[in-house]
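Q: This is the structure I want to talk about, given as structure tokens.
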Amino acid sequence: MYAYVMRRVVAIIPVMAVVGIFVFLLLHLTPGDPAAIIAGDYASPADIEKIRARLGLDQPIHVQFARWVGQLAHGDLGVSIFSNLPVTKLIGQRLEPTFALCVATIILSIVIAVPLGVFAAWRAGTFVDRATMVFAVLGFSVPIFVIGYILMYVFAIELRWLPAQGYKPLADGFVPFLRSIILPSIALSTLYTALIARISRASVLEVLTEDYIRTAHAKGLSSPIVLMRHALRNAAVPIVTIIGIGIALLIGGVVVTESVFNIPGLGRLTVDAILHRDYPVIQAIILVFSGVYVFINLLADLAYTLFDPRIRY
Amino acid sequence: MKSRLRSAAVALALGAAAGLAFAPGAAQAEKVLRIVPHADLKNLDPIWTTAYITRNHGYMVYDTLFAVDENLNVQPQMVGEWSASEDGLVYTFTLRDGLAWHDGDPVTAADCVASIKRWGKRDGMGQKLIQFTKELAVVDDGTFTLTLNEPYGLVLASLGKISSNTPFMMKKEHAEVDAFEQVPEVVGSGPFKFAKDLWVPGSKVVYLKNEDYVPRAEPASAAAGGKVVKVDRVEWIYIPDPATTMNALVNGEVDLWETPAVDMVPLLQQNEGVELAVIDPLGTQGWLRPNHLHFPFNHPSARRALLYAVNQEDYLRAIVGDPKLYRVCPAYFICGTPNESSVGVEALETVDHDKARALLKEAGYNGEKIILMQPTDIPVLNNASLVTAQVLRDIGMDVEVQAMDWSTLTSRRAEQKAPADGGWNVFHTYSTGADVTSPIANIGISGGGVESAWFGWPTDARTEELRDMYAREADPAKQKAIIDELQGRLFEEVVPYVNYGQWFQPVAWRKELSGVLVSPVPFFWNIEKN
């Protein structure tokens, strides 16, 4: 087990290296010039050239790459071309909102979706099952921003219960924090709730026809116990897999949600950096995201052993 | 027992829900003005960049020697007294009392001299002033002189330039930083202090009231007069999504939205809690910029063909829609200013596609491909590009519209290569009216070619001569005569860009606010929040 974990951790290094090279090349081969953006619309071409030289952007691409790798080797993610602030500080400022949004979304999705999926499987073919499937299709089909605007209109503009936008850090108090995170979490969790509910239903439905379920019923166990202890546990591997994939997909989802609800998280930082060609920031964020992806996949793999004793590493 | 537990749980849940729904915000002991600016503040040095958002930041934290009032007259700001010698060659400036940097040091003449020199390395008007300047000398801590080589009519107008790059005064140690590098710290002497620790790039900028600032006694008027701060702090909250911004404003979560999206304006007008007004009387001027280096727009007839092809009304309807928010204005130096001229405007006022086709033929155009760069992420420019594409097709041009984001366009437009090799033929941009009010401020008309003209590189020695003549002239009547001659030449020969209209961006704010100033630049002093 420990050897497996170590092997997976070590395997992160080549993955990150490939991601790093790919991102660096992609960015530097994409049209766009941060010096021109910095200088502003009314700067002369000569001024832009001078700024480019000051930033080292006139150097050959391999020289710029070597400089970046050298910085990374020293644990330095660089400095934003625009704000002149260290990238680590920029990421640090944005970590809490994104983390809070992701955690709230995942908790909300799991708490709603797993029981819903299990219940739909238990009552397969009934109205409850069909309603769950309709919800799942809607959850997949309606874009996050549409749900976001509807929630905002109802709960912020009409009812005035919750703020329309913005994020309050935990340091400002739990209630303001919770108020700021409720609507974005609901909007973002719709897709994942639908996804997890659908997979939960399918997985549980599959195991409900197994012999051991019939045996459990024959022993006189109640349906809820059969469902939770026997069916759900045996159906857990695909559900855990989809939750793992869902967390990874969240990184894409937060970009839209953060924009709609004006949450200053990593998603918005990424979009801003891409639009402004802030190379050090983009490179660092993508490295961080790829690390998170690998780590979540590792956690999902390890979680399998909890649900299925036959899986050993 | 079970039912009691259940009741307690229900009560707890209801209490929590009620708490969430009606929990008051954090105690607001201080008055906070929450602004949604037009862009995110990314750079802090208003000399290093010409970005308007950084200019606006500059006005918060820095101060200027002179400033223009709402009638566009230059008034002293940091300067208490000034005089010019009889021959107009020596200007003496004395700083008013009580000026201090945010770190407590007094503002000195040496700071101002260094600041003017740094600004003079970056700004077009500054470069012109420095070109005419023989010496900038410190007389004592509060006084300095500016000695000219020859009479120059725009000394005060330059030092009071309202828009980018505005000559903000910085501490000497910062003003001596290379003009192509950012200053390391924001230490101004203006009415607000920048709270660097609270700055979250891409999200929030916080300014605290500078309690030590000594405003002028005159009432505030645009950039001039007393900058009296009536709130404790100002927060710039950058919200990229217009629908979210509108909801935040309607809900009272923000107080002022600098640039409401045009399609949101009717909704905001219906809201009783929101006031909507145009505070910039000069508005914005649209530029259709042809590339003067390459065929066909290297030929004057092809550029004049554009004048006959463009109908400003079409563009303004596509960009703004509401006729109350735009104005057909062919003048290069914008309508509503002393430099507005009607000389040569007939070509732009006349829509004549047959004439345009004839002029294209005269230029030797025979169906060659025209590359039009379309920035899809800026709605105004996106719409203008689409109108132009149709207009050019209507006059018989083969147009290839290349969609890209603005960042890509800004790098591509610097390419001087032939369009087929990665260059371009046409793109669109716009300028605030304040930046085009004079031949020196309006960089779009510069005829300096690849050496010094703006992207598109018009080349015309006579244009440059006339600009110089305008700069040397102090008599407004003679300046106006030069303007007329220059504009005639621009329409008849050069056509540096085609002006596709003037429009006015409304600003929206909560009715709890009062004292919003009329000005081409948004200022946040003088605003009271009730």
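Read the figures in this text as sums done on the coordinates, not as results from a lab. Quick caveat, the model's predicted, so the values are computed rather than measured. In this analysis, Cβ positions are derived from the backbone assuming ideal geometry, glycine residues included, and neighbour counts consider all displayed protein chains.
Q: Over 30 Å between Cα atoms: which of A:LYS89/B:LYS117; B:LYS42/B:LYS128; B:LYS42/B:LYS172 fall into that group?
A: A:LYS89/B:LYS117
Q: Taking only the alpha-carbon atoms of chain B, what semi-axes of the equivalent ellipsoid follow from 5 times the gyration tensor eigenvalues under a square root, in whole Å, largest first?
A: That gives 41, 34, 19 Å for the three semi-axes.
Q: I've got another one for you. What net charge is computed for the residues neighbouring A:ILE91, neighbours being all others with C-beta under 15 Å from the C-beta of A:ILE91, Lys and Arg scored +1, Asp and Glu -1?
A: Neighbour charge sum, excluding A:ILE91 itself: -2.
Q: Please give the calculated 222 nm ellipticity per residue for the protein assembly as shown, where each DSSP H segment of at least 4 residues contributes -39500 (n - 2.57) and the sum is spread over every residue; nearest 500 deg cm²/dmol?
A: Taken over the protein assembly as shown, the calculation gives -14500 deg cm²/dmol.
Q: Still on this model: Can you find, among A:LEU77, B:GLN270, A:LEU138, the residue farthest towards the positive end of the dipole of the protein assembly as shown? Put +1 on the C-beta of Lys and Arg, -1 on that of Asp and Glu.
A: Ranked along the dipole, the leading option is A:LEU138.
Q: Which residues make up the longest stretch of chain B that has no GluC sites (Glu not before Pro) in a DSSP loop with at most 12 other Cβ atoms within 10 Å?
A: My reading of the result: B:273-511 is the longest stretch.
Q: Calculate one ³J(HN,Hα) per residue across the stretch B:122-133 by plugging θ = phi - 60° into the Karplus curve 6.51 cos²θ - 1.76 cosθ + 1.60, and present them in order as whole Hz with x for glycine and proline.
A: After applying 6.51 cos²θ - 1.76 cosθ + 1.60, I find 10, 8, x, 5, x, 4, 5, 4, 5, 4, 8, 9 Hz.
Q: Which aspartates and glutamates, on any chain, are close to B:LYS171 with Cα under 18 Å apart, when same-chain ones fewer than 8 places away are left out?
A: In chain and number order, the partners are B:ASP45, B:ASP63, B:ASP97, B:ASP103, B:ASP105, B:ASP111, B:ASP140, B:ASP141, B:GLU181, B:GLU185, B:ASP212.
Q: Quick check on the stretch B:153-312: take the gyration tensor over C-alpha atoms, sort the square-rooted eigenvalues as a ≥ b ≥ c, and tell me if it's rounded (a/c under 1.5), prolate or oblate.
A: oblate
Q: Another one. Can you tell me the dipole magnitude for chain B around its Cα centre, using point charges on the Cβ only (Lys, Arg +1; Asp, Glu -1), in Debye to the nearest 20?
A: 1520 debye
Q: I would also like to ask the following. Charges at C-beta only: +1 for Lys and Arg, -1 for Asp and Glu. How large is the resulting dipole of the stretch A:205-303 about its Cα centre, in Debye rounded to 20?
A: Here the size comes out at about 280 debye.
Q: Right, next: Between B:PHE66 and residues 5 or more places away or on another chain, which pairs have amide H atoms under 5 Å apart, with H built 1.01 Å from N, and which residues are they?
A: Result for B:PHE66 returns B:GLN77, B:MET78.
Q: Calculate, in nm to one decimal, what A:LEU275 and A:LYS219 gain on full extension: separation in residues at 0.36 nm each, minus their alpha carbon distance.
A: My answer for the length gained is 13.9 nm.
Q: How far is the Cα center of the stretch B:103-130 from the Cα center of the stretch A:77-92, in Å?
A: Cα centroid of the stretch B:103-130 versus Cα centroid of the stretch A:77-92: 29 Å apart.
Q: Calculate one ³J(HN,Hα) per residue across the stretch B:311-316 by plugging θ = phi - 60° into the Karplus curve 6.51 cos²θ - 1.76 cosθ + 1.60, and present them in order as whole Hz with x for glycine and proline.
A: The phi angles translate into 10, 4, 4, 4, 5, 5 Hz.
Q: Right, here's the next one. How big is chain A along each principal axis, measuring the range of its Cα positions in Å and listing the largest first?
A: 84, 56, 35
Q: A further question on this structure: log10 I(q)/I(0), Debye, Cα-only the stretch B:155-232, no solvent, q = 0.22, 0.26, 0.27 Å⁻¹?
A: Cα-only, vacuum Debye calculation for the stretch B:155-232: -1.31, -1.33, -1.32.
Q: Another question, if that's okay. Place +1 on the Cβ of every Lys and Arg and -1 on the Cβ of every Asp and Glu in chain B, take the dipole about the Cα centre, and give the residue among B:TYR62, B:PRO323, B:MET78 whose Cα lies farthest towards its positive end.
A: The residue sitting farthest along the positive end of the dipole is B:PRO323.
Q: Quick check: residue separation of B:LYS417 and B:GLN402 times 0.36 nm, minus the Cα distance between them. What number comes out in nm?
A: The span from B:LYS417 to B:GLN402 would gain 3.8 nm if fully extended.
Q: First obtain the Kirkwood hydrodynamic radius of the protein assembly as shown from its Cα pairs, then insert it into the Stokes-Einstein equation at 10 °C and 1.306 mPa s, and state the resulting D in µm² per second as a whole number.
A: Roughly 53 µm²/s, to the nearest whole number.
Q: When only alpha-carbon atoms are used, what values of Rg and Dmax, in angstrom, describe the stretch B:298-429?
A: 15.4, 43
Q: Which of the trypsin sites (Lys or Arg not before Pro) found in the stretch B:412-446 are in a DSSP loop and have at most 13 neighbouring Cβ atoms, other than their own, within 10 Å?
A: Listed in order of number, the matching sites are B:LYS417.
Q: Additional query: Let's see if you can work this out: charge +1 on each Lys and Arg Cβ, -1 on each Asp and Glu Cβ, no other charges. What is the dipole magnitude of the stretch A:1-97 about its Cα centre, in debye to the nearest 20?
A: The calculated dipole for the stretch A:1-97 is roughly 440 debye.
Q: Taking +1 at the Cβ of each Lys and Arg and -1 at the Cβ of each Asp and Glu, which of A:ALA156, B:TYR497, A:ILE274 sits farthest along the dipole of the protein assembly as shown towards its positive end, judged by Cα position relative to the Cα centre?
A: Comparing the listed Cα positions along the dipole, A:ALA156 ranks first.
Q: Lys and Arg at +1, Asp and Glu at -1: add these up for the other residues within a Cβ distance under 9 Å of B:GLY142 and post the number.
A: Net local charge, B:GLY142 excluded: -2.
Q: Also: Using alpha carbons only, how many angstrom separate the centre of the stretch B:138-193 from the centre of the stretch A:241-261?
A: About 48 Å separates the Cα centre of the stretch B:138-193 from the one of the stretch A:241-261.
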